[in-house]
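Before any comments, here is the structure.
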Amino acid sequence: MTARHLRRGLAGGTVALVLLATQALASPAFAATHPDDGSDSGPGLSVLQTILIFVGIPAGLFVLIALLVTAPSIARGPRYRPGLGWWAAPVWFNGPDDADTAVRRATPTTDGGGTSARW
């Protein structure tokens, strides 16, 4: 390390030390003029403000969360209930393109269960 770099490092360290020392020495003076130890309670709340803060905000959050939870099911609409008739159109997942023709051409099985099971 060169002498030039050493002098720059010492100068920067000295500046930082002076700034920190002035803040540390001035802090008791700030504390004497601006006490912040909690002894000044400040203005009180009215009954309405107290009710709004401690009852209104939690109630509002409860209603907001309840709406966010129930909104998807409300938007989706009715669903099937056991015991009621099936009202939705039939859907054949992964079936042929022309389902009606496939059903007409199908032959009934007499050997046993599905997927070639023999019972």
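State all residues of region 74-89 that are among the aliphatic types (A, V, I, L, M), open to solvent by 80 Å² or more (accessible area, probe 1.4 Å) and under 29 Å from ASP100 (Cβ atoms); if no residue qualifies, say none.
Listed by number, the list holds a single entry, LEU84.
Taking region 21-50 as the search range and keeping residues that are open to solvent by less than 100 Å² (accessible area, probe 1.4 Å) and β-branched (Val, Ile, Thr), which one is modelled with the lowest pLDDT?
So the residue we want is THR33.
Report, by residue number, each residue of region 1-14 that is modelled with pLDDT of 70 or more and open to solvent by 90 Å² or more (accessible area, probe 1.4 Å).
The answer is ARG4, HIS5, LEU6, ARG7, ARG8, LEU10.
The values are calculated or read from the model by the stated rules, or taken from the named source; none is laboratory data. The model shown is predicted, which means the values in this text are computed figures rather than measured ones. Because the Cβ atoms are built from the backbone with ideal geometry, glycine has one as well, and the counts that use them run over all protein chains shown. Surface accessibility is based on the protein's heavy atoms, side chains included, excluding ligands, DNA and RNA. Shrake-Rupley method; radii C 1.70, N 1.55, O 1.52, S 1.80 Å.
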